[in-house]
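See below for the structure under consideration.
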Amino acid sequence: MSELNIHLHVWRQPGPQADGKFVHYELKVTEHASFLEMLDILNEQLISKGEEPIAFDSDCREGICGMCGIMINGVPHGPQSATTACQLHMRTFKSGDEIWVEPFRARAFPVLRDLVVDRGSFDRIIQSGGYISVRAGSAPEANGIRVAKPDADLAFDAAACIGCGACVAACPNASASLFTSAKIGHLGLLPQGQPQRDRRVLAMVRQMDSEGFGNCTNHRECEAACPKEISIAFIARMNRDFVAASARERPEKAISGPG
Amino acid sequence: MTIELKSNAPGGDIATRWDRHRFDMKLVNPANRRKYNVIVVGSGLAGGAAAATMGQLGYNVKCFCYQDTPRRAHSIAAQGGINAAKNYQNDGDSIYRLFYDTVKGGDFRARESNVYRLAQLSVNIIDQCTAQGVPFAREYSGLLDNRSFGGAQVSRTFYARGQTGQQLLLGAYSALAEQIHAGTVKMYPRTEMLDLIMIDGMARGIVTRDMVSGKVESHVADVVVLCTGGYGNVFFLSTNAMGCNVTATWRAARKGALFANPCYTQIHPTCIPVAGDYQSKLTLMSESLRNDGRVWVPKRKEDCGKKPHEIAEADRDYYLERKYPSFGNLVPRDIASRNAKDVCDEGRGVGPGGRGVYLDFGDSIARLGKAKISERYGNLFDMYQRITGDDPYSTPMRIYPAIHYTMGGLWVDYNLMSNLPGLFVGGEANFSDHGANRLGASALMQGLADGYFILPSTVANYIAKQAADGKLKKVDESHPEVRKAEADVKTRVNALLSINGKRSPDSFHRELGLMVWEYCGMARSEQGLNTLLKRIPELRAEFWQNLSVLGSGDTLNQNLEKAGRVADFLEMGELLARDALHRKESCGGHFRVESQTEDGEAKRDDENFQYAAAWEFRGDEKGPTDFVLHKEPLEFDYVKPSQRSYK
């Protein structure tokens, strides 16, 4: 088992309002450890020296929950494509490498501590319209709705989004267009999603704008950084939907029920 | 004091029990619902679906999760699929068959009424999720596709590539998000439940800690619903997420809720083997892989060091196909796991440390082509390659069992209410439907059945009855019991911070996990369990003397969070060992070496152990002093207990 000597520079920030800075650490680590296990090992060493460990988010460590999200040498989730930070392994690096680790940077993702950021803005975008309304118990027979396999597959490609925020961190404008368009694309491609399609795209795009994310100017950095390889074609689809829905938009009338 | 455990399940024809029960339950007038407060802890399939559905119905819901958003709950990591008795394949499936398979698969240690209801609701779940836009796999006809999964002889599993849990969770999350937007649900992310508030013998609220600001707060309600997952992380290395913990259910157990069948833990046969002591968790490879992969080890020990392709076909032992010809590689999880352990114990394991067996796709790739295999398992193969550096298209995977799921949990009746009035428990956190062993693709089914369909009805029934009896008195945060619970939590947080010892929470957790895996893992013996029961209290004593938690309680402090969870695992682990010691039979995921058949299969003892073991905590703030056993006898009117045979 070969061991690597690495020179780490990690962003340390005690709290949301405090100033942060890079702190330098030297570490020996096995190449089979994952990147986050490397941080675990460092944290154990810090604790034994009486220093506070580095705060970072992670949960499933299987690349599916989307909780881990850090910049590694300026790239969200690090150098390996289609891979979250938790699935990145130290064998990707060489002994002697300098590694810079910092939180995702975006106005809409305020830093809470060290590498931990608040991505509540993503939740609010989904809350504004990222759903198909169906009361429990009111659903029709599942095979009553046929979905052509190519549509279902394309919807799936968009649904694979794990909400990690790498797209925002990668974008020079800190735009959330890839994230937002993935949900709009997923639901808009399915027959079940049609009744709320216009409302959904209008509400979600407006919420995205109000959260302080930047605009998309087609840098395509988001697509390259996305651990689930979601295509920017969904952004184009969202923009088309938004324009069409805007043209069709009219004030909703309040209609009262019978009696 | 003995507690009488009444299942409250209706009698009569099993097929109509749930319908009759629903009719007998009381309702809450729609205009009155917003006056009632419901707390849901956990936002996975059970909790997310329950909170969303009760929000839709008009209750005033508060939902809590420890992650930064409800979309990350660990339900997300389930890969393989969800069972439903739709019989879309016309291959002989039915509600009764799913019920039968689940009771048998659980080794006759589940409650028949609950399991039948689960099988009935399975069909509604698929309808509900499809309508929400969950992108289940489809055929070219546009209809839903199915596959056979983990020990089933019919194709009843619905799936979404290798991400079924993720897609179902995102469905529940979107329903929850809609209710948050509508104002019926208030969401508290990054918030941990640290105690249950009991007032006049009823569960009336929880004490939480905001994991960002450190603020300890109380929330009162009319009902508390715990959907906080299992306790697999007592083993430290498991396939659970890093944050999964037993704290919510354990704190409830300390307040009098009975903890049932903790010794029923599931070992998943297809995980990536342990590679080193730096490892933080184990990664599951979906057992759907067993549909097309063949499990083998070398026939001779001497061949174990060779590369797999250097071992001739005749020198390979496809031991599952050999021993279980009718089920082959698809035997239930407990059997697949134990057999892997056996061949490794014989010295025929492969890979570093000799703790691994091959899962070989060579034949399937030859038969179906690489493209088909990639379509079915592409993301799993990629994940395997990222973690191990090996390419499973050209060299067989290496797999080994790991802790994956826990069937035990808080005892609940047919209404999913614990023995504490007003405390409901759903999903993996309760003990109810899987008996001693859970079949593949049944966890998602249970979580969603509890969340979308069962809890919303049974919680309403409880509220209506209590309100009619005048028992739901108004309480607020100034109530003495609330103040006391909150003060206790603060004392405990401060205690963890002020030990000022030398060892990190992780180091205690790792040591605990290693000993629980050693003595209470795939094979358990009286001697080993007694050793464990001696060593856990010793480790717990050291924990309270030598723990180091740096920093303060009023900031984001991940080590403080861990410390609290490890403290609870150090108590719960003892109960796990206690339960395993008392259950002298083998059944499902619980294998006592003293109780096996001549050919080494698990041997049940129905005469003495056909009951759910529900344990009452006795002790004080320092820890347990005793656990008192209460039994719920199990009756089987439909599926007569028999020795499971998958030969």
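What follows draws every value from the coordinates through simple rules; no lab data is involved. Owing to the predicted nature of the structure, the values given are computational and were not obtained by experimental measurement. Cβ sites come from the backbone with ideal geometry, for glycine too, and all protein chains shown count toward neighbours.
In order along the range A:80-96, phi translates into HN-Hα couplings of 8, 6, 6, 9, 6, 4, 6, 9, 6, 10, 5, 5, 5, 9, 10, 4, x Hz, rounded to whole numbers, per the Karplus curve 6.51 cos²θ - 1.76 cosθ + 1.60 with θ = phi - 60° and x for Gly and Pro. Ignoring lysines fewer than eight residues from B:Lys647 along the same chain, the ones with Cα atoms less than 18 angstrom from its Cα are B:Lys104, B:Lys323, B:Lys603.
Once you compute Rg and the Kirkwood Rh from C-alpha atoms, what is the Rg to Rh ratio for the range A:119-248? Write down the numbers at each step before the final one.
Working: Rg = 14.5 Å, Rh = 15.0 Å.
Looking at the range A:119-248, the ratio lands at 0.97.
A full extension of the chain between B:Asp342 and B:Lys299 corresponds to an added length of 14.2 nm, given 0.36 nm per residue minus the alpha carbon distance. Residue by residue, the range B:109-116 carries 3J(HN,Hα) couplings of 10, 10, 8, 4, 4, 5, 5, 5 Hz when phi is fed to the Karplus relation 6.51 cos²θ - 1.76 cosθ + 1.60 (θ = phi - 60°); x denotes Gly or Pro. With the simple spin-label model, which puts each label point 7 Å out from Cα in the Cβ direction, the B:Glu313 to B:Phe23 separation comes to 6.1 nm.
Against chain A, whose longest principal axis is taken from its Cα atoms, helix A:35-48 shows a tilt of about 50°.
Around the amide H of B:Cys271, modelled in the peptide plane, lie the amide H atoms of B:Met285, B:Tyr400, B:Ala402, all under 5 Å away and 5 or more residues distant in sequence or on another chain. Paramagnetic label reach from B:Glu594 (point 7 Å along Cα→Cβ; backbone nitrogen cut-off under 16 Å): within the range B:614-632, no residues. A helix-only calculation puts the protein assembly as shown at -11000 deg cm²/dmol for mean residue ellipticity at 222 nm, using -39500 (n - 2.57) for each DSSP H run of at least four residues, averaged over all residues.
Lysine pairs in chain A with Cα distance under 24 Å, only those 8 or more apart or on different chains: how many are there? Before the final figure, lay out the partial values.
Details: A:Lys21/A:Lys49; A:Lys28/A:Lys49; A:Lys28/A:Lys94; A:Lys149/A:Lys183; A:Lys149/A:Lys228; A:Lys183/A:Lys228.
For chain A, the number of qualifying lysine pairs is 6.
Across the options A:Gly212, A:Val168, A:Ser246, the greatest Cα extent toward the positive end of the charge dipole of the range A:119-248 (unit charges at beta carbon of Lys, Arg, Asp, Glu) belongs to A:Ser246. Once the Cα atoms are used to define both axes, helix B:455-468 deviates from the longest principal axis of chain B by about 20 degrees.
Taking the fewest neighbouring Cβ atoms within 10 Å as the starting point, the ordered list for B:Ser122, B:Ser141, B:Ser525 is B:Ser141, B:Ser525, B:Ser122.
Beta bridges assigned by DSSP with both partners in chain B are antiparallel in approximately 70 percent of cases.
Here B:Ile267, B:Ile272, B:Ile499 are placed in order of increasing Cβ neighbour count within 10 Å, fewest first, which gives B:Ile499, B:Ile272, B:Ile267. Charges were assigned to the Cβ only: +1 to each Lys and Arg, -1 to each Asp and Glu. The resulting dipole of the range B:275-335 about its Cα centre is roughly 80 debye.
Only Lys, Arg, Asp and Glu count, each charged at its Cβ (+1, +1, -1, -1), so figure out the dipole size of the range B:517-622 about its Cα centre, rounded to 20 debye.
240 debye
Assuming R0 = 35 Å, can you tell me the calculated FRET efficiency for the pair B:His582 and B:Thr16, based on Cβ-Cβ distance, to the nearest 0.05? Please report the intermediate quantities before stating the final value.
Values: r = 36 Å, r/R0 = 1.04.
FRET efficiency, B:His582 to B:Thr16: 0.45.
The 3J(HN,Hα) values that the Karplus relation (6.51, -1.76, 1.60; θ = phi - 60°) gives for the range B:496-513 are, in residue order, 5, 6, 10, 6, 6, x, 10, 9, 6, x, 4, 5, 5, 4, 4, 5, 4, x Hz. Gly and Pro appear as x.
Could you calculate the FRET efficiency of B:Tyr278 with A:Asn173 from 1/(1 + (r/R0)^6), where r is the beta carbon distance between them and R0 is 35 Å, rounded to 0.05? The value I calculate is 0.35.
Annotation: extensible slack from B:Lys603 through B:Leu539 equals 19.8 nm (criterion: 0.36 nm per residue apart, minus Cα-Cα distance). Computed extension length for B:Ala495-B:Ala182: 108.6 nm, one decimal, from 0.36 nm per residue of separation with the Cα-Cα distance subtracted.
For chain B, a Kirkwood radius taken over Cα pairs fed into Stokes-Einstein (4 °C, viscosity 1.567 mPa s) yields D = 52 µm²/s.
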